[in-house]
Number of protein chains: 2
Amino acid sequence: MADVAAEAHVSVKTVSRVVNHEPGVRPDTAERVRAVIERLGFRRHDGARLMRQGRTYTIALVVEDLANPFYSQVGAAVEREARIRQHQLITASAEGSPSRERAVIEALVSRRVDGIVVVPADESASSDAVLEASSTPIVYMDRPVRGTPRDTVLSDNHGGVRSAVEHLVAHGHRSIAFFGDDPAFWTARQRREAFVATHQGLGLPGTPRVSMGPHTPASVQETLRRWTDGLESVTAVITGNNRITLAVLLAQRELRLPLSLIGYDDFELAALIDPPVTVVHQDPAAMGQKAAQQLFARLLGDESPAQTVVMPTRLIVRASGVRRGVPTR
Amino acid sequence: MADVAAEAHVSVKTVSRVVNHEPGVRPDTAERVRAVIERLGFRRHDGARLMRQGRTYTIALVVEDLANPFYSQVGAAVEREARIRQHQLITASAEGSPSRERAVIEALVSRRVDGIVVVPADESASSDAVLEASSTPIVYMDRPVRGTPRDTVLSDNHGGVRSAVEHLVAHGHRSIAFFGDDPAFWTARQRREAFVATHQGLGLPGTPRVSMGPHTPASVQETLRRWTDGLESVTAVITGNNRITLAVLLAQRELRLPLSLIGYDDFELAALIDPPVTVVHQDPAAMGQKAAQQLFARLLGDESPAQTVVMPTRLIVRASGVRRGVPTR
DNA sequence: CGGTGGTCAGACAACGCTGTCATGCCGCCA
DNA sequence: TGGCGGCATGACAGCGTTGTCTGACCACCG
């Protein structure tokens with residue numbers, strides 16, 4: 001900027017004014033400055049600018065794994081909201097490790113990002129102190145966190161599972177089982193509880209059959225074999241996430257079981273599997289958008305108490321939920 | 001930092017030394033400073049630090065759409081490389097628009113990111129001047145760009161298509177058609193050319209049947225109907241990307257065509273479709289990793305001439321490639 | 001013709017940190 | 001006892017901007 005100023009025989013401040021379209025520069029002066037800027041290929045150094053202004057116009061997204069479609073859709077949505085508001089997005093993976101997540105968040109705070117959206121690795125509010133000290137706004141997604149209340153965007157796990165159970169029951173199923181993810185995950189526990197509650201609420205016979213992860217394809221197959229072996233055979237299965245849906249589909253094909261199935265999370269080509277798979281759809285893009293909007297509201301000075309939003313799920317009915325199972329009697 | 005210095009009765013420079021683990025501070029002094037830092041919740045302001053040092057320890061990735069699995073895998077790989085090297089990653093979508101891409105790149109250059117990985121929207125080197133002036137290293141991915149030679153990481157489109165054609169021919173197919181994407185895309189043109197060349201190279205009868213995009217499900221279905229109607233019916237189809245594979249699968253199901261199929265790009269659950277879909281797999285993670293590595297080599301001072309790397313593809317053989325088609329005679 | 005107000009432009013400090021150089025102190029040796 | 005070297009620490013400038021304040025100049029009015 002100093003170079004431009006010298007070349008154009010003006011002060012740096014005037015160059016600054018021109019660059020930022022500030023008023024109070026005579027058109028001919030501005031033109032002269034612009035010409036020099038063009039000639040010298042000058043670009044304002046945003047780092048310096050933002051330092052002066054105290055804001056970085058940058059937000060961050062911390063997730064487990066960017067390649068996971070759920071997170072990548074969240075990422076795309078958050079990036080979009082950021083771009084609309086002239087902010088940049090830093091994305092970072094914590095790879096599911098709470099300690100790495102903490103380190104990542106601290107690094108982001110050191111960079112003075114304006115705010116952070118996090119899908120937390122666990123429920124310990126391990127970065128609370130840092131966030132507090134720096135008063136960096138944060139929005140948690142998908143899973144709540146203990147400690148200081150913060151803005152949180154969750155998915156309606158309970159409603160999603162309930163809609164799945166109800167759908168199966170409406171199609172005549174009475175013997176429904178649930179494959180959940182590792183109960184270390186909050187969402188997995190939520191979905192399990194929802195399954196058990198709905199199972200009992202609807203007065204289905206017997207104890208709810210539940211198998212929680214971590215699963216392997218072999219363990220899923222083994223469990224499935226056990227459940228379909230005998231008089232009280234399961235006729236329908238609900239899965240707790242994407243990966244498990246895949247495992248169940250494979251096992252089912254292997255064992256030639258005509259089970260009904262409802263998967264949690266929609267997936268590409270679910271419609272092309274035979275039979276097309278009915279799923280509980282959470283809308284990651286909507287969740288990401290909502291989280292980003294919450295964050296930006298805070299950045300604009302919203303001081304209201306922390307808020308938890310529960311996003312609805314939607315049952316996408318395809319063919320796999322209808323009765324076609326092994327008769328129970 | 002000044003606050004800490006005052007509180008600990010030392011100079012800011014000493015605080016700086018402690019924060020950065022520089023030698024030349026007496027242990028007891030360091031300890032006192034650390035205590036104050038802890039008490040005050042001080043965090044070094046990386047923006048200021050990086051400004052002083054001239055590097056931002058930040059790289060950027062510019063793609064079309066973060067939610068697209070191809071790009072999200074690239075993103076995850078690039079982020080990983082960045083994290084390993086203590087850099088942050090800014091991700092940005094250009095949504096396929098060259099002008100937006102240009103704006104995005106200019107913004108990144110203004111932020112003085114240390115380097116950029118781009119999947120370019122088109123072949124016009126529209127950001128050349130800016131990159132040149134700022135001497136920001138850039139690596140192009142998936143598609144080359146005209147203008148100044150730059151590091152580029154491509155996929156072996158020719159080899160991928162050739163392996164697909166050869167696989168089909170090996171299974172007795174003689175009448176193979178190709179559905180490509182919009183020829184505005186460099187990769188689409190590459191794959192088309194590869195198809196035509198291989199078709200002729202192997203001495204397959206007739207003119208190669210090719211349909212280029214943009215496609216709609218309806219247009220795909222119509223074309224497919226035409227090609228399978230009559231004596232010279234097509235028995236196998238090769239698709240030019242993911243989306244087209246999906247469209248063909250749907251059309252095929254609709255029309256009840258027992259076509260063989262090889263898709264470009266692997267996709268989740270390709271193994272679960274009936275029959276499981278044989279695909280040409282490009283490895284987005286490997287491409288992203290390679291691109292990031294190239295970029296970091298430049299950041300470390302590698303001054304060698306721009307380099308183009310072509311990453312191999314792999315044919316993942318499932319069932320859909322074998323002969324099962326309508327007899328040609 | 002002096003005063004007033006408006007327009008354009010520049011000087012200067014500051015954002016928070018670090019690189020460079022200077023300083024003070026201590027111990028050691030001749 | 002004077003000189004020297006090494007260690008711990010600090011003063012200061014500067015990274016590239018922008019906010020604030022000041023100043024020069026001009027036009028206009030009474």
All conditions in (1) open to solvent by less than 20 Å² (accessible area, probe 1.4 Å); (2) over 27 Å from B:D266 (Cβ atoms); (3) more than 7 Å from chain A (Cβ to nearest Cβ) are true of B:E31 except (1)
Go through the residues of segment B:223-232 one by one and say whether even a single one is more than 14 Å from chain A (Cβ to nearest Cβ), in contact with a strand residue (DSSP E or B) (Cβ under 9 Å, 6 or more places away or on another chain), open to solvent by 10 Å² or more (accessible area, probe 1.4 Å) and assigned to a strand (DSSP E or B). no
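Hey, among the residues in segment A:78-106 that are of a type in the set (S, T, Y) and more than 8 Å from chain B (Cβ to nearest Cβ), which one's least open to solvent (accessible area, probe 1.4 Å)?
A:S97
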Which residue pairs have Cβ atoms under 7 Å apart, sit 6 or more places apart or on different chains, and have a first residue in segment B:47-63 that is more than 8 Å from chain A (Cβ to nearest Cβ) and a second that is within 12 Å of DNA strand D (Cβ to nearest atom)? B:Y57/B:L50
Heads up, the strands (runs of 3 or more DSSP E) in segment A:252-329 (entirely inside) with at least 1 residues that are open to solvent by 40 Å² or more (accessible area, probe 1.4 Å) are A:308-311, A:314-316
Please enumerate the residues belonging to segment B:18-35 that are farther than 21 Å from A:I105 by Cα, within 13 Å of DNA strand C (Cβ to nearest atom) and in contact (Cβ under 8 Å) with a residue 12 or more places away in the chain. B:V18, B:T29, B:V33
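Residues being free of Cβ contacts under 8 Å to residues at least 12 places away in the same chain, part of a loop (DSSP other than H, G, I, E, B) and either outside the structural domain of B:V78 (by TED's automatic domain parsing) or open to solvent by less than 20 Å² (accessible area, probe 1.4 Å) (or both): count how many of those fall in segment B:110-138. Break it down into steps so the answer makes sense when it comes.
Start the filter on segment B:110-138 by keeping residues that are free of Cβ contacts under 8 Å to residues at least 12 places away in the same chain, which leaves B:110, B:129, B:133, B:135.
Now drop any that are not part of a loop (DSSP other than H, G, I, E, B), which leaves B:135.
After this cut, where a residue has to be either outside the structural domain of B:V78 (by TED's automatic domain parsing) or open to solvent by less than 20 Å² (accessible area, probe 1.4 Å) (or both) as well, the list is none.
The qualifying residues number 0.
Would you pick out the residues in segment B:264-281 that are within 14 Å of chain A (Cβ to nearest Cβ) and touching a residue at least 40 places away in the same chain (Cβ under 8 Å)? If you could, list the steps in order and put the result at the bottom.
Kept after step one, since they are within 14 Å of chain A (Cβ to nearest Cβ), are these residues of segment B:264-281: B:265-277, B:279.
Answer for segment B:264-281, where residues must be within 14 Å of chain A (Cβ to nearest Cβ) and touching a residue at least 40 places away in the same chain (Cβ under 8 Å): B:D265, B:D266, B:F267, B:E268, B:A270, B:A271, B:I273, B:P275, B:P276, B:V277.
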For segment B:1-15, give me each residue that is surrounded by fewer than 17 Cβ atoms within 10 Å (Cβ to Cβ), within 10 Å of DNA strand C (Cβ to nearest atom) and away from chain A (no Cβ under 14 Å). B:A2, B:S11, B:V12, B:K13
Lone qualifier among B:A92, B:A82, B:A103, B:A76 - being more than 10 Å from DNA strand D (Cβ to nearest atom), free of Cβ contacts under 8 Å to residues at least 24 places away in the same chain and within 43 Å of the chain's Cα centre (by Cα): B:A103
Could you tell me whether segment B:63-73 includes any residue that is surrounded by 18 or more Cβ atoms within 10 Å (Cβ to Cβ), more than 18 Å from B:V15 (Cα to Cα) and touching a Leu at 6+ places or on another chain (Cβ under 7 Å)? yes
The correct count of residues that are open to solvent by 70 Å² or more (accessible area, probe 1.4 Å) and either in a helix (DSSP H, G or I) or at pLDDT 95 or above (or both) in segment B:203-217 is 1
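Would it be correct to say that A:A67 is within 9 Å of DNA strand D (Cβ to nearest atom), under 28 Å from A:A92 (Cα atoms) and among the aliphatic types (A, V, I, L, M)?
Details: within 9 Å of DNA strand D (Cβ to nearest atom): no; under 28 Å from A:A92 (Cα atoms): yes; among the aliphatic types (A, V, I, L, M): yes.
The answer is no for A:A67.
Just one of A:P183, A:P144 is touching a Ser or Thr at 6+ places or on another chain (Cβ under 9 Å), assigned to a loop (DSSP other than H, G, I, E, B) and open to solvent by 10 Å² or more (accessible area, probe 1.4 Å); which is it?
Numbers: A:P183 fails: touching a Ser or Thr at 6+ places or on another chain (Cβ under 9 Å).
Just a single option satisfies the conditions, and that option is A:P144.
The values are calculated or read from the model by the stated rules, or taken from the named source; none is laboratory data. In this text the structure is predicted, and so the values were computed from the model without any measurement. Note that each Cβ is placed from the backbone with ideal geometry, even for glycine, and that neighbours are counted across all protein chains shown. Areas reflect the complete protein model, heavy atoms only, side chains present, ligands, DNA and RNA absent. Shrake-Rupley method; radii C 1.70, N 1.55, O 1.52, S 1.80 Å.
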